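Engineer: Please find one structure pasted underneath; my questions will follow.
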Amino acid sequence: MRVAPVARVLREGGLIVLATIAVYLLVALMSYEPRDPGWSHSGGFDDVRNLAGPAGAWLADLLFYLFGVMAYLFPLMVGYAGWLVFSWQNPGERGLGATLALRTAGFLLTLGMGAGVATLHVTAGAELPVGPGGALGQSVGSALVGAFSFIGASLFLLSLFLVGITLFTSLSWLRTSDMIGRACLDGAMLARRYWREFGQQLEQKRVRQQRRQLVVREQGRQRQAPRIEPVVESLEPSERVRKESQGKLFDVGDAEGLPPLSLLDEVSSAGPAYSPEALAAMSRQVELKLKD
């Protein structure tokens, strides 16, 4: 078997073991019951209420007695240690020991300084055996308060707590602050854009409501039926109507009082023509009739 597969198997095995320990510790700490038999006292109940069993109850009581609320760091630190073991590419190189020693020192510094901060500033956890900071937190906090006062002890404990986190996790606080600031700016810009879009949607909704109300108002009005009048065009009389129309018999404006000549029919050229001899004969007959 080659070395590389063996190292990979060992890394995966270490990750599984440490992850299992972290989960077990978390279950034991979260189901802690002060009346269970533990390291600091013996319980009066035969049945253990801790979900991790008697061993979990005893271990949870020990961690809370020594470190207080900082005992909850143990599952996180153990799980992170398993991830470090799995992600380590060259387990056989010389820098592994120094790296592990540095991580261990960071873990212990974080644990001790965090317990001191909890003793000075955390009020919850009064049901724990020795308070929120445990025995370690009371020892460290009391010593630093006696040397540097309450404010000075708080500053030193907080700064060393952050240093311990940096040593254990290789976390850069400057880079973290930059990421937090960038996330805040991006969040502010995103919220501003959503607020502007929300205002535009409200304005569009208001315009649609006004338009809908206007349409309803227009439809509610009674429309008057349009009045259509026929267009009568003046007709010119025909030539026959003009000829057959009755004229005035007497023209009042004429001094003689005679009818106008327009009442007479027009002379027609059609008909028989009389000779001068016939006309003379007809005139003699008329004269004879007049004499009789």
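The values are calculated or read from the model by the stated rules, or taken from the named source; none is laboratory data. None of the values given here were measured: they were computed from a predicted structure. Virtual Cβ from ideal backbone geometry, glycine too; neighbours counted across all protein chains shown. The area values use the complete protein model at the heavy-atom level, side chains included, leaving out ligands, DNA and RNA. Shrake-Rupley method; radii C 1.70, N 1.55, O 1.52, S 1.80 Å.
Engineer: Return yes or no: is Leu174 assigned to a helix (DSSP H, G or I), open to solvent by 60 Å² or more (accessible area, probe 1.4 Å), under 30 Å from Tyr32 (Cβ atoms) and among the aliphatic types (A, V, I, L, M)?
Structural biologist: Details: assigned to a helix (DSSP H, G or I): yes; open to solvent by 60 Å² or more (accessible area, probe 1.4 Å): yes; under 30 Å from Tyr32 (Cβ atoms): no; among the aliphatic types (A, V, I, L, M): yes.
Criteria not met by Leu174.
Engineer: Something else now. Evaluate the following for Ala118: is it at pLDDT 80 or above and farther than 29 Å from Phe156 by Cβ? Walk me through it before giving the result.
Structural biologist: On the way: at pLDDT 80 or above: yes; farther than 29 Å from Phe156 by Cβ: no.
So Ala118 fails the test.
Engineer: OK, next. Would you mention how many residues in the range 120-150 are open to solvent by 20 Å² or more (accessible area, probe 1.4 Å) and farther than 13 Å from Ala71 by Cα? Give the steps one after another, and end with the answer.
Structural biologist: Of the residues in the range 120-150, the ones open to solvent by 20 Å² or more (accessible area, probe 1.4 Å) are 120-124, 126-127, 129-130, 132, 135-136, 138-140, 142-150.
From the residues that got through so far, the ones that are farther than 13 Å from Ala71 by Cα too are 120-124, 126-127, 138-140, 142-150.
Selection size over the range 120-150: 19.
Engineer: Can I ask one more? Among residues belonging to the range 211-235 that are of a type outside the set (D, E, K, R) and open to solvent by less than 100 Å² (accessible area, probe 1.4 Å), point out the one that is modelled with the lowest pLDDT.
Structural biologist: From the range 211-235, those of a type outside the set (D, E, K, R) are 213-216, 219-220, 222, 224-226, 228, 230-232, 234-235; that's our starting set.
Then drop every residue that is not open to solvent by less than 100 Å² (accessible area, probe 1.4 Å), which leaves 214-216, 220, 225.
On the way: Leu214: 82, Val215: 80, Val216: 79, Gly220: 68, Ala225: 58.
So the residue we want is Ala225.
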